[in-house]
Amino acid sequence: MSAPSDTAADRAAEPAIPAIVVESLVKRYPHRPTNAVDGISFTVAYGEVFGLLGPNGAGKSTTIGVLTTRVRPTAGHVWVAGVNALRRPVDAKRWIAVVPQANNLDRSLTARQNLLFHAAYHGIGGRQAAQRADSLLRQFGLEDRAADRVDRYSGGMAQRLMIARALMHEPRVLFLDEPTTGLDPQARLFVWDQLRRLNAHGLSLVLTTHDMREAEELCHRVAIVDHGRMLALGSPDELKRMAPGENTLSLAVRLDSAQTGAQPEGLLARLRELPGITGAEREDAVASAEGGTAGPPRGQASPPAPEADPGRVVFRLYGEGDPLLVGAAARVVSDAGFDLVDIRRGRVTLEDVFIHLTGRGLR
Amino acid sequence: MTAASPVPARNLRWAALTALFRRDIVVTGRELWAFLAQVLLQPLATLFIFGRVLPGIGMASPQYARILMPGILVLTIVLTALQSTAMPLVIDFGWTKEIEDRLLAPLPVAWVALEKVLFAAARGMVAGAMMIGLGIVVVGAHSVSLTAANLGAVAAYAVLAALVGGSVGLTLGTLVQPQQLNMMFALILTPMLFTGCTQYPWASLNHLRWFQLLTLLNPITYASEGMRAVMMPGLNHLNAVYVLPALGAAIAGFGWIGMRGFARRAVG
Ligand SMILES: Nc1ncnc2c1ncn2[C@@H]1O[C@H](COP(=O)(O)OP(=O)(O)O)[C@@H](O)[C@H]1O
Ligand SMILES: [Mg+2]
């Protein structure tokens, strides 16, 4: 593709310049054996909500870091709001705002001062800044606590205040790194509502998440990333079509103690032959595969480890059209000499797509 | 949502820089008494014991308060400026990340570092001015040796001392990890406190040659000697021909290392 140049003439000649252009981005941190970001390219249009979906350590924050001038890439090109962000970071910073993964509010200031000083850093002051701060504090339900020092704020309030702060200088693109990680369900719904509302008013959003529901709920387009690479890119519906079927049936089985000759491989083959089945995978083998680069999740308890049960095997079946035949599948399991431990029916999610692409879960 | 920023790009940097200063003024103003107690109590106690009590009980010469005063003044200025850059930077970069919002302001990140140094230097100057006032109270105006004639030179050395403190603080603030803060105090600040020729003139160490040479490694030595030379011209001092270039080199050297450290911490 032809990248937009950052000269004013080119900008005028090409009115539909994208909000973000990333070309062949590579980042290797010093003393690291592998690239944290390993050749990622994408474009975000103005007005779009674009998501980077991937597990911890996939390179999402690093990508956001480069786009927001906070990380210097090893190779690649980045344009933000038509500005070459690597060559002219100061100009790029005018048009962007960042809601980071961890709370970075100014704890020496009150909530309202956090907004006012942020505006002042962007050259906005006086009545204009005060009015905007008050209206954003109201919009984010913080007007009662506006005079509080922010070290007394809960996680949800801090997150709301950081979004309000980001909006003070009317950015063209808002970056949000894991905007709801660690929030309780109610706070998360509130943030989702606010983000939808901002986008409805025309603000472009780039967010990262390791939560497939968040990606599906908010994003027009999602890039699935793992180990610094982009595995797939498309709307949630397009991505879900990459799975072998649109319905799923998850079967957890255990070898029947009376039977000794039964093999999981044989069962998988028989399940695959059921009518309407378009794909079948054995999940436990892939779920236990090592993530490799994933560090410990920050600000969040790790998910409960699956019970160590060597006899337990999980199969995932895909099918089209009608819901899959639970009864038939259950019969095949018991005929093959296995106990059915758990059975779950569902529609394909982005997590299924991720598992299909990588052989691992998102967490 | 695409309302153009009302300020032209070039002015925007200055507007941002001004806002950084205003932020630090507001934060310092809010904790003014804590700040002053923190930076003045220790030098004040030193001045009281060595400049008033010891001469009073005959264990030091009455002259000593006059010799001590310029050194205590410099020490107050340097350490205040040093801590005003080092402490917030160690904590911000290592832990709270508060500085990120300022790094995302539309100005070069080096300017954020520059603001830190300049504001820290200003804090050092304020602490120095307070110290002069307190010195007059504790050891008497006759021992403070500040006159209309040397006021300009005293102010000039105060500025140099403040910039030395600010740039050494910038270096420490970007090199030290939060868990090493205690070590920094024990292994860097305490030796600086005692090897800076603040409690004794450099020339008086002639008979303790190795220690005299050691003090030359401490930039505070040059600030103390310069300050004492203008406040007590009658004594022997390190010549200004050495003092001024040494102070300039300390500011430039630590400023440069600190700026590089800052850039590395600010942009990964
Ligand atoms: N400052 C850093 N120095 C060295 N390695 C880093 C740094 N930041 C991130 N990494 C590594 O880069 C990889 C990608 O990290 P990150 O971008 O934070 O992923 P994500 O946000 O998707 O969890 C991880 O392996 C991580 O350990
Ligand atoms: Mg991250």
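The mean accessible area for residues of chain A, using a 1.4 Å probe and ignoring ligands and nucleic acids, is 44 Å² per residue. Accessible-area rank, largest first, for A:Arg28, A:Arg165: A:Arg28, A:Arg165, with all protein chains present and a 1.4 angstrom probe. Tell me the mean residue ellipticity at 222 nm calculated for chain B from its helices only (DSSP H runs of n ≥ 4, each -39500 (n - 2.57), averaged over every residue, nearest 500). Roughly -23000 deg cm²/dmol at 222 nm, from the helical runs in chain B. Computed with every protein chain present, the accessible area of A:Trp95 is close to 40 Å² [probe 1.4 Å].
When the accessible areas of B alone and A alone are added and the area of the pair subtracted, with a 1.4 Å probe, the result is around 3200 Å², both sides summed. Computed in the context of the full set of protein chains, the accessible area of the protein assembly as shown at 1.4 Å probe radius has 59% of its extent on carbon or sulfur.
How big is the gap, in Å, between the Cα center of the range A:82-116 and the Cα center of the range B:168-212? So the separation of the two Cα centres works out to 37 Å. Note that chain B presents 44 Å² accessible area per residue, ligands and nucleic acids not counted, probe 1.4 Å. If I fit a long axis through the Cα atoms of helix A:326-335 and take the longest principal axis of the Cα atoms of chain A, what angle between them do I get, 0 to 90°, rounded to 10? Helix A:326-335 and the main axis of chain A meet at about 50 degrees. Residues of the range B:95-113 buried by at least 10 Å² of accessible area upon assembly of all protein chains, compared with the chain on its own (1.4 Å probe): B:Thr96, B:Lys97, B:Glu98, B:Glu100, B:Asp101, B:Arg102, B:Leu103, B:Leu104, B:Ala105, B:Pro106, B:Leu107, B:Pro108. Hydrophobic, long helices, defined as DSSP H runs whose alpha-carbon span along the helix axis is 15 Å or greater and whose mean Kyte-Doolittle value is at least 1.0, occur in chain B at B:32-48, B:64-91, B:109-139, B:151-175. The distance from the alpha carbon centre of the range B:116-164 to that of the range A:314-363 is 77 Å, rounded to a whole number. Taking a straight line from the alpha carbon of A:Lys60, these lysines sit under 27 Å away, with near neighbours fewer than eight places off in the same chain left out: A:Lys27, A:Lys93, A:Lys240, B:Lys97.
The values are calculated or read from the model by the stated rules, or taken from the named source; none is laboratory data. This structure is a prediction, so every number in the text was calculated from the model and none was measured. Accessible surface areas use protein heavy atoms only, side chains included; no ligands, DNA or RNA. Shrake-Rupley method; radii C 1.70, N 1.55, O 1.52, S 1.80 Å.
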